[in-house]
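Written out below as structure tokens is the structure these notes cover.
The values are calculated or read from the model by the stated rules, or taken from the named source; none is laboratory data. Note that the structure is predicted; figures quoted are calculated from it, not measured. No Cβ is skipped: glycine too gets one built from the backbone with ideal geometry, and neighbour counts run over all protein chains shown. Ligands, DNA and RNA are excluded from the accessible area calculation, which covers all protein heavy atoms including side chains. Shrake-Rupley method; radii C 1.70, N 1.55, O 1.52, S 1.80 Å.
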Amino acid sequence: MYFSIIIPVYNRPDEINELLESLLNSTYKNDYEIVIVEDGSSITCEEVLHKFANRLSISYYFKSNSGPGDSRNFGMKKAKGDYYIIFDSDCIIPPNYLSEVEKHLKSDYVDCFGGPDKALKSFSNIQKAINFSMTSFLTTGGIRGGSEKIDKFQPRSFNMGLSKKAFDASKGFGNIHPGEDPDLSIRLWKLGYQTRLFSSAFVYHKRRIDWDKFTLQVSKFGKARPILNHWYPEYSKITYWFPSLFVIGFTFSIFLLVFLFDWGLKFYFLYFVIIFIVSSIQNRNPLIGLLSLVAVWKQFFGYGIGFLQSFIKINLLRKKPQDAFPELFFKINTNDSEIEREVLFEKQNQIPIQQSVEKVIEKIVAPINKIVEPTPSKSKIIGLTGGIGSGKTTVAKYLISKGIPVYISDLEAKKVMEFPQIINQITQTFGNELITSSQTLDREKLASIVFNAPEKLKQLNAIVHPAVKKHFDNWILANQIHPILVKEAAILFESGSYKDCDKIITVSAPLELRIERVLKRDATTREKVLQRINNQLSDEERIARSNFVIKNENFEDTKKQVDEIVNFLKNK
């Protein structure tokens, strides 16, 4: 049996890096391949894959965005194996995973399986709390936690296996998302295939780290279920109503307070006390127990309200699912010629000879079967800088309005600093007290630590700057079809970022005008603004090291200067 691991990814290069790192530790002795499908990402993982060349057998495809279900189908069509294993990009794979799957399939073969998920010790407290709510026997997540007390298991696509035979018969996932995995399971049952839970084939699944995103996710889960019940009424269950009944019951309990009946709320209070105790014991941390109360609350209310909204629109108002909830449906991409990039990373002696020959033939025949896009010419990287209040952000926005991609360094650096691995490095260096109660980085506290402490600032920069550089390199790859790319950075020269640029533009303005702009924008004082200006490079120093200077006093004049520079760069 030859496994093909299918991984769709959208703007998650760091997650792909962690997933592939975990596969390097696999104890599985037989050959397998990894098929990564980039679903129209603006931040691609192609650069990450180069570090795994000659260590893992990877096929990488970049295509237009059509959703995770269609991307998994695309990957299975391209795969060489006879059994597909599907992961989400935010999974970390235990070393014995593939061996466990093979053991199950050899002892009692099934054409489709699913596995549970667990939380790693390195996960944030919020991730652990969400994992508890999504896997506990006390919530609707018991099945995901590994319970086998069900007659027909519906695998979830973050950890799922599917035979080539079953894929060919079912045509894979539909275009609903979420809900594409139970939809596939039911269609497989109707075709005569079986599904089963492999309880020992678990993965570490990160899930969401933001409460709002988690609420949106479970709300979509709730909206999808009545649609599936409408399509397949014979497979609907009363248990799918539990979160909605939880919401209705809580609302009714509040109403009963008017008549001084509080027994309903006492029941809910007792339930959440049990949640707190079990989660605190299971995670050995009362803080995670408290966060689990939030996670379970959001899970029940997000799913329950979403379910009710969908039930009313689909079953009572008789709306078509695609019209009622267009956000749950992706457009299926049926044209494989829309692939923009295809890269193969071969592990030496990994792929069987016959399959290696097939890949060679495929490469020879590919130009005949499809038009291959020419490799774009190298983009010009233009640095954009200026002191506080100079108006460089205004210039950047004007460039974006003209269709020129701009990398706003401060904004992107903030995103990078929220990556779990970066937060871990920062807390290891500066202490766990930098983590807030919501499991995010306390930037103000971090700033107070490094302010006027050059050595500590140097330590922070050593963590953040390489990660931002890597993030910027991935951004360039994602936008390389554009002839001009702009990197906006206040400390372009100080950080050494100017070395990435072909040309430099400095935005300048009179001192008093800069002060006036900052005072209007920020709640600060003239003295503090002057202090910040004095801590930066002077306009004279920037101008001396730049190729172009924009004097930003009047915006209409500024736009004319920008247009002249852009025209010059395009025609040069």
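Some points to look at:
- For the chain, the Cβ-based charge dipole about the Cα centre amounts to some 600 debye (Lys, Arg positive; Asp, Glu negative; other atoms uncharged).
- Calculated Rg and Dmax of the chain using C-alpha coordinates, Å: 27.0, 80
- Dividing the mean sequence gap of close Cα pairs (under 8 Å, 6+ apart) by how many residues the chain holds gives a relative contact order of 15 percent.
- DSSP bridge orientation in the chain - percent antiparallel, rounded to nearest 5: 30
- Solvent-accessible area assigned to carbon and sulfur over the chain amounts to 56 percent, based on a 1.4 Å probe.
- Under-5 Å amide H pairs with Lys487, H placed in peptide plane, nonlocal only: Ile382, Gly383, Leu384, Tyr407
- Candidate aspartates and glutamates - alpha carbon under 15 Å from Lys319, same-chain residues fewer than 8 apart omitted: Glu327
- Rounded to whole numbers, the Karplus 3J(HN,Hα) couplings from phi for the stretch 18-33 are 5, 5, 5, 4, 5, 5, 4, 8, 4, 8, 5, 8, 8, 6, 7, 10 Hz, using 6.51 cos²θ - 1.76 cosθ + 1.60 with θ = phi - 60°, and x at Gly and Pro.
- Once both labels are positioned 7 Å from their Cα atoms along Cα-to-Cβ, the gap between Lys266 and Ser107 label points is 4.8 nm.
- Between helix 97-107 and the chain: long-axis angle, C-alpha atoms, 0 to 90°, nearest 10: 20
- Cα-based helix-to-principal-axis angle, 180-190 vs the chain, degrees rounded to 10: 30
- In this structure the stretch 409-550 gives 55 Å² per residue of accessible area when probed at 1.4 Å with all protein chains present.
- Listed pairs Lys103/Lys206; Lys206/Lys415; Lys469/Lys503; Lys397/Lys487; Lys414/Lys503; Lys77/Lys220 exceeding 23 Å between Cα atoms: Lys103/Lys206; Lys414/Lys503; Lys77/Lys220
- Using alpha-carbon coordinates, inclination of helix 454-478 to the longest axis of the chain, degrees: 70
- Measuring r between the beta carbons of Lys445 and Leu287 and using R0 = 22 Å, the FRET efficiency lands at 0.75.
- In the stretch 87-146, the trypsin sites (Lys or Arg not before Pro) that fall in loop regions by DSSP, at most 11 other Cβ within 10 Å: Lys121
- Computed over protein heavy atoms with a 1.4 Å probe, the accessible surface of the stretch 182-271 works out to 53 Å² per residue.
- Å² of accessible area per residue within the stretch 1-89, as computed with a 1.4 Å probe and no ligands counted: 28
- Checking the cross-link pairs Lys80/Lys380; Lys128/Lys528; Lys213/Lys237; Lys171/Lys223 against a 31 Å limit on the alpha carbon distance flags Lys80/Lys380; Lys128/Lys528 as lying beyond it.
- Antiparallel content of DSSP bridges confined to the stretch 65-206, in %, to 5: 65
- In this structure the amide hydrogen of Ile6, modeled in the peptide plane, comes within under 5 Å of the amide hydrogens of Val35, Ile85, Ile86, Phe87, none closer than 5 places in sequence on its chain.
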